[in-house]
Amino acid sequence: MALDLNKVAAQVGSMVARLKATSRERGEHLQSALEMLCDKSVDLDRLKRKIEMSRTTWLVARLVEGLAQHYQAPPLPAEFTVIATDGSHIDVDRHKSTRCYLINIGSVVLHYGAEPDALLESHPHLCSEDEDLAIAPTEKGRELPIEGPLLGIKRSVEECRHLAEIAAELPDNCPTLALLDGTLILWGLEAYPEFVAEELLDKGFLRALDEIMKLGRSKQLALASYISLPRSTDVVNALRVAICPHEPADCDRYCPPSEERGCDAVAGVQDRELFMNLLDEGERSALFISPSKVLEKHYGMHHVHFFYLRVDDEIARVEIPKWVAMDESRLNLVHALVLDQCQRGHGYPVALSEAHEQAVVTNADRENFWQLVEASLMEEKLPSFESAKRLSKRTRWV
């Protein structure tokens, strides 16, 4: 039976009315946040110390240089290269005859200059061995199957690993931007035991970042990730700490959830709303440091820094590792080339767009993949079956 939109319409109407009723309050909060952001009387050194000491229930960006600084894009190099990877996958299907999954990595190498060139490829990899299907603890304990959200994290690892392989094959003398889609922070690992983080983060994602950093010693190479339409509030939360009358801020100690708080004057505002009002086209914000615990524990020289970038009528979040953030030439390269990619790609980096096109797996692709698997099993006279639940969904009884 199709969705009954007549029954949904009234609920949508209530939602819109609620949003309209709160829009004025959100506007007031945004204005308060902008005034605080641009307040030159704020003691930045004191605020940095307060942020370091505070205990809050939300992530607070750490400051590198300040709050309201903004920078125009540097000029483009005469010759440069942009490499990017993106991925898609076919998950394990417990209703099928065999346990396996497929990761498809799309890669792009775009060279700009006197002799422009492009290389677009896809790299499908089928995983069916026992060691590919689960992560086992080093000591006694239950192994965790690689499927669902964990497979999504595994795919991110493979995207970064393949990016490092591409970077290794590039010439040393050409400025190059290595670009990933989404965040550099593997947030999802916080929900898993430490042995999973060790396998996918320490031995996987971070090892690939190590390879890229090592390549940067001999190449003009910078790494970044691009987040379109971010919903983060890290910088706004720094303003909340600045507003807080307590030294240091301690949400659990001073602010019971039922009571109104002074920092609520900027609540509900997202970082992108702030910087849409601050940045001109092509400008980037000041640098900030992500405060995630997983970064403190694991990332080292890859500790994630970020800035916001104005591209047309959108604010994007660009994340970079510490070794890029602390090198002005690499930071400028990221700013210039990410902006150029967005301008070439109608607001979104063209290299990421093309990598996605190489990686995408359609519903038809999934059906054809499983048909190939089942046909191959039957050809070798191995048992092939489909669960009753799966069959019932494909058969109309009424």
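The values are calculated or read from the model by the stated rules, or taken from the named source; none is laboratory data. Everything quoted here is computed from the prediction, not taken from an experiment. In this analysis, Cβ positions are derived from the backbone assuming ideal geometry, glycine residues included, and neighbour counts consider all displayed protein chains.
So that you can scan it fast, the table gives a plain yes or no per residue for (1) closer than 13 Å to residue 82 by Cα; (2) outside the structural domain of residue 219 (by TED's automatic domain parsing); (3) free of Cβ contacts under 8 Å to residues at least 60 places away in the same chain; (4) not β-branched (Val, Ile, Thr):
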residue	(1), (2), (3), (4)
126	no, no, yes, yes
134	no, no, yes, yes
151	no, no, no, yes
157	no, no, yes, no
160	no, no, no, yes
180	yes, no, no, yes
191	no, no, yes, yes
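Go through region 214-226 and count every residue that is outside any loop (DSSP other than H, G, I, E, B) and surrounded by fewer than 20 Cβ atoms within 10 Å (Cβ to Cβ). Walk me through how you get there before you give the answer.
Quick first cut of region 214-226, residues outside any loop (DSSP other than H, G, I, E, B) only: 214-215, 221-226.
If we keep only those that are surrounded by fewer than 20 Cβ atoms within 10 Å (Cβ to Cβ) too, we end up with 214-215.
Number of matching residues: 2.
Within region 161-179, if we keep just the residues that are closer than 18 Å to residue 352 by Cβ and either among the hydroxyl-bearing types (Ser, Thr, Tyr) or touching an Asp or Glu at 6+ places or on another chain (Cβ under 6 Å) (or both), the residue that is surrounded by the most Cβ atoms within 10 Å (Cβ to Cβ) turns out to be 176. Considering region 356-398, the residues that are at pLDDT 95 or above and not in a helix (DSSP H, G or I) include one that is surrounded by the fewest Cβ atoms within 10 Å (Cβ to Cβ), namely 362. Going through (1) surrounded by 11 or more Cβ atoms within 10 Å (Cβ to Cβ); (2) in a helix (DSSP H, G or I) one by one, residue 16 falls short only on (1).
So, of the residues in region 31-51 that are assigned to a helix (DSSP H, G or I) and in contact (Cβ under 8 Å) with a residue 60 or more places away in the chain, which turns out to be surrounded by the most Cβ atoms within 10 Å (Cβ to Cβ)? Applying the filter and picking the extreme gives 33.
Given the criteria under 21 Å from residue 176 (Cβ atoms), in contact with a helix residue (DSSP H, G or I) (Cβ under 8 Å, 6 or more places away or on another chain), at pLDDT 95 or above and in a strand (DSSP E or B), does residue 309 qualify?
yes
Looking across 236, 269, one residue alone is part of a loop (DSSP other than H, G, I, E, B), among the aliphatic types (A, V, I, L, M) and either over 22 Å from residue 314 (Cβ atoms) or out of contact with any strand residue (DSSP E or B) (no Cβ under 7 Å at 6 or more places or on another chain) (or both). It is 269. Screening region 275-297 for residues that are in contact with a strand residue (DSSP E or B) (Cβ under 8 Å, 6 or more places away or on another chain) and in a helix (DSSP H, G or I) and picking the one that is surrounded by the most Cβ atoms within 10 Å (Cβ to Cβ) gives 275. Just one of the numbered conditions (1) out of contact with any strand residue (DSSP E or B) (no Cβ under 7 Å at 6 or more places or on another chain); (2) modelled with pLDDT of 95 or more; (3) surrounded by 17 or more Cβ atoms within 10 Å (Cβ to Cβ) is not true of residue 338: (1). Among the numbered conditions (1) out of contact with any Gly (no Cβ under 9 Å at 6 or more places or on another chain); (2) without any contact (Cβ under 8 Å) to a residue 40 or more places away in the chain; (3) in a helix (DSSP H, G or I), tell me where residue 353 comes up short. If we test residue 353 against (1) out of contact with any Gly (no Cβ under 9 Å at 6 or more places or on another chain); (2) without any contact (Cβ under 8 Å) to a residue 40 or more places away in the chain; (3) in a helix (DSSP H, G or I), just (1) comes out false. Scanning region 157-198 for residues that are over 18 Å from residue 137 (Cβ atoms), within 20 Å of the chain's Cα centre (by Cα) and assigned to a loop (DSSP other than H, G, I, E, B) yields 182, 183, 184, 185, 186.
Applying the condition of being among the charged types (D, E, K, R), modelled with pLDDT of 95 or more and in contact with a Lys or Arg (Cβ under 9 Å, 6 or more places away or on another chain) to region 184-230 and asking which residue is nearest to residue 342 (Cα to Cα) yields 211. If you filter region 66-101 down to residues that are surrounded by 19 or more Cβ atoms within 10 Å (Cβ to Cβ) and among the polar types (S, T, N, Q), you find that the one that is nearest to the chain's Cα centre (by Cα) is 85.
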